[in-house]
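The values are calculated or read from the model by the stated rules, or taken from the named source; none is laboratory data. Since this is a predicted model, take the numbers as computed values, not measurements. Quick reminder, even Gly has a Cβ in these numbers, built from the backbone with ideal geometry, and neighbours come from all protein chains shown. To get the accessible areas, we keep the full protein, side chains included, count just its heavy atoms, and leave off ligands, DNA and RNA. Shrake-Rupley method; radii C 1.70, N 1.55, O 1.52, S 1.80 Å.
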Amino acid sequence: MSISADAAEAVVVSHPPHHHTPTEYEVQIIIQSIRDASDSDENIATLPGQDEGFDDSSSSSSSSNYWDASTMAPLNPASAAAIARLRAYKPPPFPLWDRLPVSRRAAVLMLLFADRRGDLRVVITMRAASLRSFSGHAALPGGKADSGEETPYQIARREAWEEIGLPMDDAKIPAPFRIEHLCYLPMNLARTELVVRPCVAFLHTTATTASATAGAEAAKPTTTVTVEDGLIPRLDAREVAAVFSAPFHNFLRATDEPGLQTKSLPPGRWYEGSWTAWNDEPWRVHYFYVPINDQRVTKPRVRDGGLAAIAEGIEDEAEEAGRYKVWGMTARIVVDAARAAYATEPEFEHNSHFGDERMIEELEKLGRLTPKMKTPALAPAPAPAPAPAAGNEANGEDDKKPAKM
């Protein structure tokens, strides 16, 4: 359901939302610390061969990959300032989270890394065809809470480990990599009425100060990254069809920005959007079409009961067009993060507020956020022998994943 242009204008603003932002002095201090930490190019990882779960579908030499430090550069000034703003960003308090049933809590990880020019990119997945909900849609790694004790960041890191093999334990992330949790963003509401906390993190690719002063160890020019403990994607074919990346700053633009493309941009537009009414509120639906013809798209290789083969077919049409579509809640989260990072409003129409916290609070007052019931298992068909074990659709495993709008 569309809304009128007058209603659209009522929710679009030309200034950033009123959240805490660092002073210019604070930004400059943090930028300098990032530059100091990024000056060294020692201890660049030597990557081993690909493992069984890794399929590098492009040999492009211009693309940058979050698991390969040799394809990354130190942050440029604009990116350093963006990371500084995210590090200083504080979302408004949201005490309702602690009162929500565990079955309504979810989190996603928005992992940023620097490309060969020092520009920021964001890691995005494509959901597998085997998932019951929103198969083939773009998503950030994430899912539902396992317990009430898990913080949103712990939820997001656990799910990133399960989906793409990103080590959950920081001690198992090899040099020169290091993951820094930058900030939380305001809560978002999934279409299945899960309350989703976005967690923004940055993947550093420089050696720590301690290792640089560790005597003879510091003289080693390279560090071997093992497949078991490294960042080479190990995708769960039951959940993930592909992993790719998108230019972070471009989520503020209505057209493709020039980048590291060595090939011509694929045909088609970068952005389109429309207004809809959701829970009686105007909600802007963003559609971004990310070029993938000049980057490495990672897919599952292992075939487990044919699941990988199914997954590989899900994005065939998009690959032929040379673009992956990122939309709905995932697009909304990335746009909000880019607004906070670059202190700039998008070129296109958008909701003025971050997230959906007002909507979430109203739904809670209406009793809509009660414990979520799991999908019951399918009864076995009557037969002399027991029915075979059911997959994700039967046991409700897919209910762990936050719905992607």
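Sorting 363-373, 184-194 by their mean Cβ neighbour count within 10 Å, with the most densely packed peptide first, gives 184-194, 363-373. Taking all protein chains together and rolling a 1.4 Å probe, residue 161 ends up with roughly 100 Å² accessible. Residues in segment 283-298 carry Karplus couplings, in order, of 9, 7, 9, 9, 10, 10, 10, 7, x, 10, 6, 10, 9, 8, 9, 9 Hz; the curve used is 6.51 cos²θ - 1.76 cosθ + 1.60 with θ = phi - 60°, and Gly or Pro positions show x. Cross-link check: pairs 299/325; 263/325; 172/263 evaluated at a Cα-Cα cut-off of 27 Å; pairs beyond the cut-off: 172/263.
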